[in-house]
Structure formats: structure tokens, C-alpha cells
Amino acid sequence: MNVTTIGLDIAKNVFQVHGIDCHGKIVLQKKLSRGKMLDFFGKLTPCLVGMEACGGAHYWARELEKQGHTAKLMPAQYVKPYVKGNKTDNNDAAAICEALTRPHMRFVSINTTAQQDLQMLHRIRSRLVASRTTLINQIRGLCGEYGLVFRPGPAHARQGLAGVLERNACGLSTLACELLADLQGQLRELDQRIDAYDARVKQACASDPRAAKLVALPGIGALGATALVAAVNDGKQFVRARQMAASLGLTPHEHSSGGKQRLMGMSKRGNPYLRMLLIHGARSALRYAPGKTDRLLLWALAVQTRRGPNVAAVALANKLARISWAVLARDRVYQADRTARTAVAYRLGQTVQ
């Protein structure tokens, strides 16, 4: 078969293949089981294979590239407009194949196994943190039924619960004390597991030279640095820094028409976890910025004075994403006293000595 381009709709066990030749004529339509995927593509002449960037797509992309094929991943929302008719596996595969041939289609970089290892580390830690938050909220709610109200913050909830179990000033029953003690034990166990994952994150940051350089940026610690490396790798899939910031949803959402430009709030596209880390890191950097001489922080403080803390935090997160791209893609080292000069020189196409 003279197949040049294939749209592959993947799932857990059933895979739909839609192939065309160099003239755009359909020459292949086939449904495959999971076990026959690699054997089938191993017998084909190397061609261009497109998939939606969903669960398992990065694994299949790596396996297909090992067989000599060129694998491309696309965001699902960019493929949806090309679906014709009802939603079926065959129509989805045809839409992927058509979207793959569009000249201005945007693609997702294929994650390496090292990136997926880091992402797994972050996902498990994030779930543990969410479980701890849920448990603390339950403790607050249950204690509130007995008139025990703690100050906001996890630390106050831990101290308040410990004080209740030690003194039992409210005269709680034996069963209530036993249940609260069990919740306290669960909370301690979650704290220990999260601390263990934090230690793993710090170890991963120290062992990766790219993450170690990102830690020098204000507001980016081991957690943010490893999350950036896991998400964008070396960042070379972006032509310029703004593209990386836009992919994380930190640039303004635009709604323009009739020659009139309207810029709104941040678009909130892309990876919400990484965007959250950058914004919270920016908030932390702004909190401790007074008294420091870093020109980036001085600029952020000026924005905070004019526009407020929320706008300043997002603006600083945008800057941090752009500087992170320069550190990763251009192998730069962040220097606080050269931030302003570097930005001006970059616009002028010069090199800072």
C-alpha cells in the first residue's frame, strides 16, 4: 500500500487506522486490537502518523518512531473541527488524518520516559496534597459540630485537634475522641508521605542540571523547576518565549473583531498544574520582594502598586515562564542584575556580554 499519511484514533484496546496516499486518496481503513498494533505498523513503509495527545499517546508515538515512522501529536480541541458526521472511531481517525495535513496545525512535543517519570512524581504528590486538604476540611467540619472552631490554615487545624485530644475541654465522648484520634493518625501519615515525595522532588531537581538552573529564578523552587522540565523538556518546541507563556495560559485572552483589538484576562490554556505553580511562586516572590535589588522583582512591585497583587502575580508568572524558556532553550543562566539589560538587548537582536 502506498500510504504516506495515517490518522490513528487510539483507545485502550481498539485502534482505528485511516490512511491516505500522496494525492489525498483513502487507501487504508482498518480496525486493530492492541496486540496487533506494532506488528501492523512494523510491516508498513515509514510514513507520517498523527494522533490526539491523550492517554497513552506519548508511548505509542515513541514506539512508532522506533519503527521508523514520524509521529505527530495534536491537541484534541484542534482536531475536533475536522470531524464530519457522527462521532465514530472511523470519523475520528479521518479527522486526525485531515488535521495532520493542515499547514498551520500546532503539535505537541513527545514526552520522553524521563519526563513521564517526573510527571508521575508530581501527579502522585498532588493527589496526596488534595487528600490531605480533604481530610483537614473533614476534621474542621466534624469538630465544628461540637463547637470546636479552628483558625484558618492547616497548621492551626493540627494544633487545635491536638489540643482537643489532649485536654478534652468540651467533654467529648469516648467514641468521638477515638474517631478524632484516628483522623489525626491519618493526617500524620499523609504528612509523612508528602514529605517523602518532597524529598524525592528535591533529589530529582539536584540531579537535573536544567532544573538546578531554574531554581535561581525568584519564585521557582524545586517543585516548579522539575514541573517545568517535565512539561516542556528543553523548550525548543517553542520558537520564542511568548509561545511558551501562551501555551501555559499566562497571556491575555483576545476577542478582537472589525479591526478593534480587545485584550481580556489570561487565557488559562494548557497545563493548569504548572500554571498554578508559577502563579503561586510569583505570589511568594512578591511577598518577600520588598528590600531586594532584583530588577525583575522591582518591576513586579511597581506593577503591584499600579494594578494590584493579583495582576502583578500573573504578570510576574508570565515573565518567569519566558525567562524559563531562555534558560532551557538557549542554555542561559539567570542573573538578577542583568534582567533588564538582557530584555532590551533581546529586542534589539544584540548579545549581552
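The values are calculated or read from the model by the stated rules, or taken from the named source; none is laboratory data. Model, not experiment: these values are computed from the prediction. All Cβ positions, even for glycine, are placed from backbone atoms using ideal geometry, and neighbour counts span all protein chains on display.
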Can you tell which of Thr251, Thr305 is among the polar types (S, T, N, Q), outside the structural domain of Ala53 (by TED's automatic domain parsing) and farther than 30 Å from Asn111 by Cα?
Thr305
Breaking point among (1) part of a helix (DSSP H, G or I); (2) assigned by TED's automatic domain parsing to the domain that holds Asp9; (3) buried (at least 16 other Cβ atoms within 10 Å of the Cβ), for Leu121
(2)
Within segment 231-281, the residues that are over 10 Å from the mean Cα position of the chain (by Cα), under 21 Å from Arg210 (Cβ atoms) and outside any helix (DSSP H, G or I) are Asn233, Asp234, Gly235, Lys236, Gln237, Phe238, Val239, Arg240, Leu250
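Yes/no matrix, rows are residues, columns are (1) touching a strand residue (DSSP E or B) at 6+ places or on another chain (Cβ under 7 Å); (2) closer than 26 Å to Arg269 by Cβ:
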| residue | (1), (2) |
| --- | --- |
| Gln29 | yes, no |
| Lys36 | no, no |
| Met51 | yes, yes |
| Glu63 | no, no |
For Leu228, are the conditions met, namely being in contact with a Gly (Cβ under 9 Å, 6 or more places away or on another chain) and in a helix (DSSP H, G or I)?
yes
Being surrounded by fewer than 18 Cβ atoms within 10 Å (Cβ to Cβ) and not acidic (Asp, Glu) is the filter; apply it to segment 325-334 and report the residue that is farthest from Ala241 (Cα to Cα).
Val333
Residue under question is Arg132, and the condition is that it be surrounded by 12 or more Cβ atoms within 10 Å (Cβ to Cβ) and touching a Phe, Trp or Tyr at 6+ places or on another chain (Cβ under 6 Å); does it hold?
no
Restricted to segment 316-341, and to residues that are over 21 Å from Asp208 (Cβ atoms) and touching a Lys or Arg at 6+ places or on another chain (Cβ under 8 Å), which residue is modelled with the highest pLDDT?
Ala317
Close pairs (7 angstrom Cβ cut-off, 6 or more residues apart or separate chains): basic (Lys, Arg) in segment 212-241, in a helix (DSSP H, G or I) anywhere
Lys213/Val327; Lys236/Ala329
Could you say whether any residue in segment 209-223 is loosely packed, with under 13 Cβ neighbours inside 10 Å and in a loop (DSSP other than H, G, I, E, B)?
no
Quick check on segment 293-308. Is at least one of its residues in contact (Cβ under 8 Å) with a residue 12 or more places away in the chain, in a loop (DSSP other than H, G, I, E, B) and of a type outside the set (Asp, Glu)?
yes
Identify, by number, the condition in (1) modelled with pLDDT under 95; (2) farther than 15 Å from His18 by Cβ; (3) among the small types (Gly, Ala, Ser) that Gly85 doesn't meet.
(2)
Identify the single condition in (1) touching a strand residue (DSSP E or B) at 6+ places or on another chain (Cβ under 9 Å); (2) surrounded by 14 or more Cβ atoms within 10 Å (Cβ to Cβ) that Gly265 does not satisfy, given that it satisfies every other one.
(2)
Scanning segment 166-208 for residues that are exposed (fewer than 15 other Cβ atoms within 10 Å of the Cβ), assigned to a helix (DSSP H, G or I) and hydroxyl-bearing (Ser, Thr, Tyr) gives Thr174, Ser207
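Conditions (1) surrounded by 14 or more Cβ atoms within 10 Å (Cβ to Cβ); (2) of a type in the set (A, V, I, L, M); (3) more than 23 Å from Ser247 (Cα to Cα); (4) within 20 Å of the chain's Cα centre (by Cα), marked per residue:
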| position | (1), (2), (3), (4) |
| --- | --- |
| Thr293 | no, no, yes, no |
| Leu296 | yes, yes, no, no |
| Leu301 | yes, yes, yes, no |
| Arg307 | no, no, yes, no |
| Val311 | yes, yes, no, no |
| Ala315 | yes, yes, no, yes |
| Ile323 | yes, yes, no, yes |
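This table checks each residue for (1) touching a residue at least 40 places away in the same chain (Cβ under 8 Å); (2) within 24 Å of Arg102 (Cβ to Cβ).
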position: Asp9; (1), (2): yes, yes
position: Asp21; (1), (2): no, yes
position: Lys36; (1), (2): no, no
position: Cys47; (1), (2): yes, yes
position: Cys54; (1), (2): yes, yes
position: Glu63; (1), (2): no, no
